[in-house]
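Asker: Before anything else, here's the structure in question.
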Amino acid sequence: MTGPAGGPVDQPIPLDGSGNGTYTPYIPGTYTFTATATDAAGNVGQQTAAVEAQGIPDGEAPVVTLSIVPGMTVQGGTVTITVNATDNVYVLSRTLEVNGAPIVLDGSYQAQFTAPSLGSYTAVATATDPTGNVGTDTVTFSAVDPASDTAPPVVAITAPAQGSDIAGEAAFTGTATDLTLVDYTLAYRASGSSDPYTVFHTGTQVVENGVLGSLDTSVLDNGLYDIRLQASDINGLTSETVNVYTVSGEFKPGIFSITYTDLEVPVAGIPLTIKRTYDSRNRSKVDDFGNGWNLEVVKDGTYTNNRVLGAGWYVTSGGGFFNFPCSVANESLYHITEIRFSDTEFYKFAFGARFPGSRAPFPAAAPVR
C-alpha cells in the first residue's frame with residue numbers, strides 16, 4: 001500500500017488466515033492498495049484498488065518527557081535515560097540522541113549511557129505519531145570530577161510560606177542544587193511525630209527557584225505536618241530543611257473510614273469513649289487491629305507542637321545603654337502549636353520566650369483560626 005505525500009510507501013499489510021487485512025489512514029488523500037496472489041506453480045495474480053481518505057489531519061504533536069537518572073555522573077559512570085511519550089492518537093516511534101549520536105532504545109524505551117569523558121552531554125528525544133507530527137524534549141547532564149565538589153547541596157523551600165495552610169494539590173517551590181547533585185526528595189510526616197517520613201516526590205535534576213514537587217493533601221488528615229526537602233550529591237554529602245504547614249480543607253475524595261463504638265464510660269467529669277476505626281489513609285500501616293485499624297480513646301481535641309518548645313533558641317544581650325547580658329531570647333527554629341477540635345475548628349499559636357524583667361517584645365503570633 002502506498003499513500004499520499006507524507007504517508008506510507010510500499011507498506012505491507014498483514015493478512016489473517018482468511019486473507020483479510022486492515023489499515024487506518026491518518027492523512028487525507030489517495031491510497032493505492034495492491035493485492036498479489038501466487039499459486040504452487042509460481043503463477044502470480046495481481047489487482048490494484050484506490051481509496052480516497054477524507055477529513056482533517058491530526059495536527060497535535062506527541063508530548064515527550066525525557067528522564068535521566070542520576071542527573072549527574074562521573075567519567076565512566078552510567079545513567080539510565082527513559083523516553084516517555086504520549087499522543088492524542090498514538091505514538092508511532094521514538095528516538096534518542098546524545099550529543100548528536102543515535103542511541104538504541106530497548107522495549108521499555110530506555111537506554112544505558114556511559115559517559116566516556118568529563119563534560120556536558122545533551123540528550124534529545126523525539127516521538128512521532130502516524131500523521132508525522134514530531135514532539136521533542138532536551139535534557140543536559142554532566143560527567144564531573146567528584147574531587148571538585150566539597151560543599152553539600154543547597155536546599156530551600158520558599159513557597160508556600162512557613163506555617164501557612166495548604167489544601168488540594170499543594171506545589172512546593174524552592175531550590176535543590178549542587179555541582180554533583182544525585183537526587184533530592186520531598187517527604188512529609190505529622191509534626192511532633194517520631195514516625196519515619198513518607199517520600200512523595202523524587203527529583204534528579206537541579207532546581208533553582210522552581211517547582212520542586214507537589215503533594216496531594218486530600219489523602220491526609222487535617223493538622224500540622226513537617227515537609228522535609230533533602231538532597232544528596234555524588235560524594236554522599238547531604239543537606240535538608242524542614243518547613244511546617246497546616247493541611248486543611250474538607251474535600252477528601254477516595255477516602256473510606258468507618259468507626260465502631262466499643263465502650264462508653266460516663267464517668268463524672270471525665271467521660272470516656274473507646275472506638276475502633278478503619279481509615280484507608282492508614283491502610284499501609286499496621287495498627288492495633290491490623291492494617292488501617294486502630295483503637296481510639298476519644299477525648300476533647302488534640303494538642304500538637306511541631307517541636308519541643310524549649311528547643312531552637314539562643315540568648316543574646318539586650319543592647320542599649322545598660323546592655324544586660326543574656327536578656328533576649330532569639331528563635332533559631334520555627335515554633336508553632338495547634339489545638340484542634342475537629343477538621344474545621346482549630347487554633348494555632350506561636351510560642352514566645354522572654355526573660356523576667358526584659359522589655360523585649362514576644363515574637364509575632366501566628367494566625368489564629
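Asker: Dividing the Cα radius of gyration by the Kirkwood radius, what Rg/Rh value follows for segment 173-273?
Answerer: On the way: Rg = 19.2 Å, Rh = 16.4 Å.
Dividing the radius of gyration by the Kirkwood radius yields 1.17.
Asker: Give me the percent relative contact order of segment 19-147, please, defined on Cα pairs under 8 angstrom at least 6 residues apart.
Answerer: 25 percent
Asker: Would you mind estimating how fast the chain diffuses translationally, via Stokes-Einstein at 20 °C and 1.002 mPa s with the Kirkwood radius over Cα pairs, in µm²/s?
Answerer: Numbers: Rh = 26.9 Å.
Answer from the Stokes-Einstein relation: 80 µm²/s.
Asker: I want to check the label-to-label distance for Y303 and Q162. Put each point 7 Å from Cα in the C-beta direction and report it in nm to one decimal.
Answerer: 2.4 nm
Asker: Wrap a convex hull around the Cα atoms of segment 87-211, take a quarter of its surface area, and give that in square nanometres.
Answerer: Details: hull surface 47.6 nm².
Directional mean of the projected Cα hull area for segment 87-211 stands at 11.9 nm².
Asker: To the nearest 20 debye, what is the magnitude of the charge dipole of the chain about its Cα centre, counting +1 on the Cβ of each Lys and Arg and -1 on the Cβ of each Asp and Glu?
Answerer: It works out to roughly 1380 debye.
Asker: Quick one, can you get me the convex hull of the C-alpha atoms of segment 69-111 expressed as volume per residue in Å³?
Answerer: 96 Å³
Asker: Extension gain T238-V211, at 0.36 nm per residue separation less the Cα-Cα distance, in nm?
Answerer: The span from T238 to V211 would gain 7.7 nm if fully extended.
Asker: Please give the contour-minus-distance gain from A50 to A37: 0.36 nm per residue of separation, less the Cα-Cα distance, rounded to one decimal in nm.
Answerer: Value of the extension gain: 2.9 nm.
Only the coordinates and a few stated rules stand behind these numbers; no lab work does. Treat the numbers as computed from the prediction; the structure is a model and nothing was measured. FYI the Cβ positions are ideal-geometry reconstructions off the backbone, even for glycines, and counts take in every protein chain you see.
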